[in-house]
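Where a number appears in this text, it was derived from the coordinates with a stated rule and is not lab data. A quick note: this is a predicted structure, and the numbers were derived from the prediction, not measured. Quick reminder, even Gly has a Cβ in these numbers, built from the backbone with ideal geometry, and neighbours come from all protein chains shown.
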Amino acid sequence: MNRAKLARLLLFASILYVIGFYFIGSAIKPGYSQITNFVSEYNAAGTSWAQTLTYAGFAATSAILAAFLVTTLPLLNVSGASRMGAWLLWSVPASYLLAVIAPCDAGCPLDGSTSQIAHNLLAIITYFGMGASIFLISLAPEFGNFKLRRGFLLVTGIAFPVVFFLMVQPELALWGGLMQRLLDVAMAISLAIVVWTLAPTDRDVQRTAA
């Protein structure tokens, strides 16, 4: 298996793992709603199953995504601003790791314990980092041949900071979890676009040449 195929396999594995993590987590967490509750509330301090979901959920997801980036980044056809965007993709595994090193309080409030405050600050950094990464990667010259793909990445990059701001508004509290998961879906699609466009396999190159 060449490196490009391994990158795709790891991306597929990470997406499947996150889906399993989210659904199993919500199934075993009393009163948890994927529409209302944030992802970080899976392991909120003092709640049931917190330790299990910390390591089997957040830590494992971060590790798989890190393996994906280690495999993928050297393959990407990027330069200048898009290269910076590629390195900012480390914000993706970091967004899960932050729940390991700084779990939120129950309910994930805007204020609270030292861990909650650290969690909020790291969340701002990682979410803005993810948005910037996708936006900058869309500027790669290769996307000049794929206008729809570039457009999707541009919209996703802009959406991250905008939706992050919306999902922490008290009047939208009932929909915070849904908005966060929509960003997750957009990121998964964006990563697939990046890999399939900027890290083609030999078969992709031959098909394009033909």
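Per-residue extension of 0.36 nm, minus the Cα-Cα distance of PHE146 and LEU174, leaves a gain of 6.4 nm for this segment.
Neighbours of VAL155, meaning other residues whose beta-carbon lies under 14 angstrom from its beta-carbon, give a summed charge of +3 when Lys and Arg score +1 and Asp and Glu score -1. Rounded to the nearest 20 debye, the dipole magnitude of the chain is 760 debye, with +1 charges on Lys and Arg beta carbons, -1 on Asp and Glu beta carbons, and the Cα centre as origin. Rounded if a/c is under 1.5, else prolate if a/b beats b/c, else oblate: with a ≥ b ≥ c from the C-alpha gyration tensor eigenvalues square-rooted, which is the chain? Here the chain falls in the prolate category. Model label sites at ILE101 and VAL162, defined 7 Å from Cα along the beta-carbon direction, differ in position by 3.1 nm.
Counting beta carbons within 10 Å around each of GLU41, GLU142 and listing the fewest first gives the order GLU142, GLU41.
Residues in the range 69-86, backbone N under 20 Å from the label point at PHE12 (7 Å along the Cα-to-beta-carbon vector): list them, ranges by number please. What the label zone holds, given the 20 Å backbone N cut-off, is 69-73, 75-76.
Membrane-span-like helices in the chain (whole DSSP H runs, Cα extent of at least 30 Å along the helix axis, mean Kyte-Doolittle hydropathy of at least -1.0): 3-28, 114-137, 176-198.
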